[in-house]
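The values are calculated or read from the model by the stated rules, or taken from the named source; none is laboratory data. The structure presented is a predicted model; accordingly, all values stated were derived computationally and were not measured. Every residue, glycine as well, gets a Cβ built from its backbone with ideal geometry; the counts of neighbours run over all protein chains shown. The area values use the complete protein model at the heavy-atom level, side chains included, leaving out ligands, DNA and RNA. Shrake-Rupley method; radii C 1.70, N 1.55, O 1.52, S 1.80 Å.
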Amino acid sequence: MMEEGSWQVEEQVEKLLSGQGSEVTTCDVALDQSKPATLRKNVTYIVCAVIFNQQEEVLMVQEAKQDCYRLWYLPAGRVEVGESLEEALKREVKEEAGFDCEPITLLLIQEQGPQWIRFIYLAKVTGGDIKNLSAADQESLQASWWDRQSVLPLRGRDILSLIDCGLKYLHDPWHPETLPVDLSSRHLVQRLVLVFTNAENQIWILLIKAPVLHLPTAAALKTHAVTWAANMVVQEAMPSAYHDHDVNTLGVLSLQHNGRQHGKSDGVCFNTLVKLVPDHVQRDEDGETVERTQAAQPPPVENPRYVWFEVQKPTLRERLLEKTKTTSILPLHSLY
């Protein structure tokens, strides 16, 4: 007998798996330790564009700022108050490179806790003209297509891996095209599709019981990586099992951002797939390593707020298992 409301959860998980979102109506964990996300105050979002031409040359801009004057970088900049991530991306590319562009997908998200998050997009040119030196201003001196072979003085080598990531996606997309969903969030939160699987390919999802069965959401703390939110949920739900398991955020199924109301919708909700993996290397009293056999059941929940729900729907079970094994999912990297 399926628990009442669990079919709505399965439906919600299917939506998230297909890149959609759902309203953030509550934050279950650490809300009291989190302030509403407010641009220029406690969160900074950076957008960065990876754009190629037909020859697979990458669009670069020459910096006008004093501290990196005349060095080259990808078009990038801060999201301004009242902007969506996509609007910020289009504005930065237009200001720095002269082109109109359209985002194709997020390639990667990098974070240093909630106070600094960079959203790296693969995008394409849809119009405009490349900026040349005669149009130099405080945004940039000029733009150019780079063949990645000729010597170019770079502002930072961090962009080389981003360019490689974009090329890899062009040739062989390893996750579905993922763009932010226009839904507002007041805080920066991680919503967890937190799963446990066994050798028989059964799969369970951790849920919160009240007011109705739902996926847990936890606020990001400025002292930790964004994905620490998942650890807080596991610590709260099953404290005894926490030290024997890895809490592994595999990536982002979808993300939600609106940004139109300053201080009220500057947050982001990361809908993430998280896997609870038993730590297979254990030690006995003599300090010798002991191999653990794979558990047939998830660790028992100790907090009455939570419950494990076994996924019944075969198609959903297969999709979740495939995602946990191949991690064909938008990566979220902590730079901590």
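Sort the range 1-159 into rounded, prolate or oblate with this rule: let a ≥ b ≥ c be the square roots of the eigenvalues of the Cα gyration tensor; rounded if a/c is under 1.5, and if a/c is not under 1.5, prolate when a/b is larger than b/c, oblate otherwise. Intermediate results must be reported in sequence, preceding the final value.
Details: a/c = 2.71, a/b = 1.90, b/c = 1.42.
Since a/c reaches 1.5 and a/b is larger than b/c, the shape of the range 1-159 is classed as prolate.
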Straight-distance crosslink candidates among lysines, where the alpha carbon sits under 23 Å from residue 41 and sequence neighbours closer than 8 are dropped: 65, 222, 264
Candidates 315, 178, 44, ranked by Gaussian network fluctuation over the chain, Cα under 10 Å, top entry: 315
From the C-alpha gyration tensor of the range 134-269, square roots of 5λ in Å: 38, 22, 15
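Sort 186-198, 224-236 by packing, meaning the average of other beta carbons within 10 Å per residue, with the highest value first. All intermediate terms of the calculation are to be shown ahead of the outcome.
Details: 186-198: 24.5, 224-236: 21.8.
Those peptides, ordered most packed to least, come out 186-198, 224-236.
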Net charge, residue 270 excluded, C-beta distance under 13 Å - Lys, Arg +1, Asp, Glu -1: 0
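Only helical DSSP H runs with n ≥ 4 go in: add -39500 (n - 2.57) per run for the chain, normalise by residue count and round the 222 nm mean residue ellipticity to 500 deg cm²/dmol.
Working: 6 runs with 66 residues, N = 336.
My calculation for the chain gives -6000 deg cm²/dmol from helical runs alone.
State in Å² the accessible area per residue of the range 64-180; use a 1.4 Å probe, count heavy atoms of protein chains only, and round to the nearest integer. Can you show the working numbers first?
Numbers: 5610 Å² over 117 residues.
Counting only protein heavy atoms, the per-residue value for the range 64-180 is 48 Å².
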Extension gain from residue 57 to residue 198, taking 0.36 nm per residue of separation minus the Cα-Cα distance: 46.2 nm
Computed over the chain, Cα set: Rg, Dmax in Å: 21.8, 73
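Could you order peptides 294-300, 115-121 by the average number of other Cβ atoms within 10 Å of their residues, highest first? Show your work: numbers first, answer last.
Details: 294-300: 13.7, 115-121: 21.4.
In decreasing order of mean packing, 294-300, 115-121 become 115-121, 294-300.
Would you mind classifying the range 80-192 by shape? Square roots of the alpha carbon gyration tensor eigenvalues, ordered a ≥ b ≥ c; an a/c under 1.5 is rounded, otherwise it is prolate if a/b is larger than b/c and oblate if not.
prolate
At 1.4 Å probe size, with every protein chain present, just tell me what the per residue accessible area of the range 221-280 comes to in Å². Don't skip to the answer; put the middle values down first.
Values: 2060 Å² over 60 residues.
Result: 34 Å² of accessible area for each residue.
Between residue 286 and residue 71, 0.36 nm times their residue separation minus their Cα-Cα distance comes to what? Walk me through the intermediate numbers first.
Details: separation 215, 0.36 × 215 = 77.40 nm, distance 5.73 nm.
Result for the pair: 71.7 nm of gain on full extension.
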Separation of the residue 327 and residue 209 label points, Cα + 7 Å toward Cβ, nm: 3.4 nm
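First measure r as the distance between the Cβ atoms of residue 116 and residue 182, then evaluate 1/(1 + (r/R0)^6) with R0 = 35 Å and state the FRET efficiency to the nearest 0.05. Kindly include the intermediate steps, with their values, before the conclusion.
Values: r = 23 Å, r/R0 = 0.66.
It comes to 0.95.
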Gaussian network model of the chain, Cα within-10 Å springs - most flexible of 105, 272, 223: 223
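State the extension gain, in nm to one decimal, for the chain segment bounded by residue 243 and residue 95, taking 0.36 nm per residue of separation less the distance between their alpha-carbons.
48.4 nm
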Over the chain, relative contact order from alpha-carbon pairs under 8 Å, at least 6 apart, %: 23 percent
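With all protein chains present, how much of the accessible area of the chain (probe radius 1.4 Å) comes from carbon and sulfur, to the nearest whole percent?
Summing carbon and sulfur atoms, their accessible area is 48 percent of the total for the chain.
Would you mind giving the average projected area, over all directions, of the Cα convex hull of the range 204-263 in nm² with one decimal? Show your work: numbers first, answer last.
Numbers: hull surface 24.5 nm².
Hull-based average projected area comes out at 6.1 nm².
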Shape of the range 177-219, Cα gyration tensor, a/c cut at 1.5: oblate
